[in-house]
Amino acid sequence: MTVKTAILATQPTSYWPLDDAAGTSCHDEMGLHDASVPAAGVTLAAIPFGAIRAPFFDGALGSRLTIESDPRYSQPFANALSVAVWICPLALDNANVAGTSDQYVHVLEKAVAPSSEVEWAMRFYNQTNPTRHSRLSFYTFNLGSPAGKGAGSYMEFGVSTNDVTPIQAGNWVFLVGQAEPWIAPDDLTTGCVLWKQNVAAKRIAQDKYEYVEFQVHPQAGAGPLSVGGTQTTGFNGSIAHLAIWNRLLTPDEIGSIWTAGDAELSTAPPQQSSA
């Protein structure tokens, strides 16, 4: 089974294989919204993922795909959201990062701007970050929140006891971010969950929506999806098989996508930058 077959079997809301060979857009297999490709900074069909080739993002500002806003890409549409993606960092320290000390890139984000209507984000920290070395996180925010404090789940090799996969340049990593149903302002049982390589992050107080410092109530904003960076950050690497669901994927579904991708990658040549 291919990754594409595994993802389509789960009936995603939108699915961008990112296997387009050329053009100014990357197609959505579900027919909702294609991703717009910038004039420079993103090279299609550059990095191998099994039998396909995925885009190369050069890490410069503006080197990102953009997908127009749709309520179905927001957690409140069905009071649940799942986002799955494969990423291949080609630099462990990105040059264009947010935060003087945090040093992170939003590989995926739904927001109007870095401090306006930020809904959710998939975050990748620099290896030289003082306290979060190559950490991967999935966050949800209140619309008015700066994209710094929010309910977040993370995996970090050497820190997370169940994370056995170090982040290495040129290696593909499978991520799933899940925004669980919001229940009530005093509920401390639901929030965000990050999966890395088919392993769910251990639950912590800070991944809950109503954690006392965050009190996140997911809302739909007007911002587009940004893939490969934001207005202020840039990811140096490749991205493939991005999909969104208006529900929580089951562990078996996540495992099916992971198994298919891992099998494809086992026969792929080494990844190399097009920079």
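Conditions (1) under 15 Å from the mean Cα position of the chain (by Cα); (2) charged (D, E, K, R); (3) at pLDDT 95 or above, marked per residue:
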position: Ser115; (1), (2), (3): no, no, no
position: Asn129; (1), (2), (3): no, no, no
position: Ser134; (1), (2), (3): yes, no, yes
position: Thr140; (1), (2), (3): yes, no, yes
position: Lys149; (1), (2), (3): no, yes, no
position: Tyr154; (1), (2), (3): yes, no, yes
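Can you name the strands (runs of 3 or more DSSP E) wholly within the stretch 102-200 that have at least 2 residues being within 25 Å of Asp252 (Cβ to Cβ) and open to solvent by less than 50 Å² (accessible area, probe 1.4 Å)?
Working: elements: 104-110, 120-125, 136-140, 151-155, 173-179, 192-196.
Hits in the stretch 102-200: 120-125, 136-140, 151-155, 173-179, 192-196.
Within the stretch 88-118, how many residues are touching a strand residue (DSSP E or B) at 6+ places or on another chain (Cβ under 8 Å) and over 30 Å from Asp262 (Cβ atoms)?
Initially, the stretch 88-118 is screened for residues touching a strand residue (DSSP E or B) at 6+ places or on another chain (Cβ under 8 Å), giving 88-91, 94-98, 102-111, 114, 118.
Retained after the next criterion (residues that are over 30 Å from Asp262 (Cβ atoms)): 95-96, 98, 102, 111, 114, 118.
Final tally of qualifying residues: 7.
Here's the yes/no breakdown for (1) in a loop (DSSP other than H, G, I, E, B); (2) of a type in the set (A, V, I, L, M); (3) closer than 22 Å to Leu265 by Cβ:
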site: Leu44; (1), (2), (3): no, yes, yes
site: Arg53; (1), (2), (3): no, no, yes
site: Arg72; (1), (2), (3): no, no, no
site: Pro76; (1), (2), (3): no, no, no
site: Val85; (1), (2), (3): no, yes, yes
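Within the stretch 48-61, can you find the residues that are among the aliphatic types (A, V, I, L, M) and open to solvent by 10 Å² or more (accessible area, probe 1.4 Å)? Full working, then the answer.
First, pick out the residues of the stretch 48-61 that are among the aliphatic types (A, V, I, L, M): 51-52, 54, 60-61.
Across the stretch 48-61, the qualifying residues are Ala51, Ile52, Ala60, Leu61.
Report yes if Ala60 is assigned to a loop (DSSP other than H, G, I, E, B) and either modelled with pLDDT under 95 or small (Gly, Ala, Ser) (or both), otherwise no. Give the steps one after another, and end with the answer.
Working: assigned to a loop (DSSP other than H, G, I, E, B): yes; either modelled with pLDDT under 95 or small (Gly, Ala, Ser) (or both): yes.
Against the criterion (assigned to a loop (DSSP other than H, G, I, E, B) and either modelled with pLDDT under 95 or small (Gly, Ala, Ser) (or both)), Ala60 qualifies.
Of the residues that sit in the stretch 225-252 and are modelled with pLDDT of 95 or more and open to solvent by 40 Å² or more (accessible area, probe 1.4 Å), which one is farthest from the chain's Cα centre (by Cα)?
If we take residues in the stretch 225-252 being modelled with pLDDT of 95 or more and open to solvent by 40 Å² or more (accessible area, probe 1.4 Å), then Asp252 is farthest from the chain's Cα centre (by Cα).
Of the conditions (1) aliphatic (A, V, I, L, M); (2) out of contact with any helix residue (DSSP H, G or I) (no Cβ under 8 Å at 6 or more places or on another chain); (3) under 22 Å from Gly177 (Cα atoms), Leu61 clears all except one; give me its number.
All conditions pass for Leu61, except number (3).
Kindly list, by first and then second residue, each pair from a residue in the stretch 157-182 that is closer than 16 Å to Asp262 by Cα to a residue that is open to solvent by 20 Å² or more (accessible area, probe 1.4 Å) and among the aliphatic types (A, V, I, L, M), limited to pairs with Cβ atoms under 6 Å and residues at least 6 apart or on different chains.
Trp172/Leu265
Condition check: touching a helix residue (DSSP H, G or I) at 6+ places or on another chain (Cβ under 6 Å), modelled with pLDDT of 95 or more and at negative phi. Does Phe174 satisfy that?
Numbers: touching a helix residue (DSSP H, G or I) at 6+ places or on another chain (Cβ under 6 Å): yes; modelled with pLDDT of 95 or more: yes; at negative phi: yes.
Spelling it out, Phe174 is indeed touching a helix residue (DSSP H, G or I) at 6+ places or on another chain (Cβ under 6 Å), modelled with pLDDT of 95 or more and at negative phi.
Kindly list the number of the only condition in (1) surrounded by fewer than 18 Cβ atoms within 10 Å (Cβ to Cβ); (2) within 15 Å of the chain's Cα centre (by Cα); (3) not polar (S, T, N, Q) that fails for Arg64.
(1) is the only condition that Arg64 fails.
Of everything in the stretch 121-136, what is aromatic (Phe, Trp, Tyr) and in contact with a Leu (Cβ under 7 Å, 6 or more places away or on another chain)? Give them in sequence order. Before the answer, list the steps.
Step one: of the stretch 121-136, the residues aromatic (Phe, Trp, Tyr) are 124-125.
Correct list: Phe124 only.
Taking the residues in the stretch 31-47 that are touching a residue at least 12 places away in the same chain (Cβ under 8 Å) and out of contact with any Leu (no Cβ under 9 Å at 6 or more places or on another chain) as candidates, determine which candidate is least open to solvent (accessible area, probe 1.4 Å).
That would be Ala46.
The values are calculated or read from the model by the stated rules, or taken from the named source; none is laboratory data. This structure is a prediction, so every number in the text was calculated from the model and none was measured. In this analysis, Cβ positions are derived from the backbone assuming ideal geometry, glycine residues included, and neighbour counts consider all displayed protein chains. To get the accessible areas, we keep the full protein, side chains included, count just its heavy atoms, and leave off ligands, DNA and RNA. Shrake-Rupley method; radii C 1.70, N 1.55, O 1.52, S 1.80 Å.
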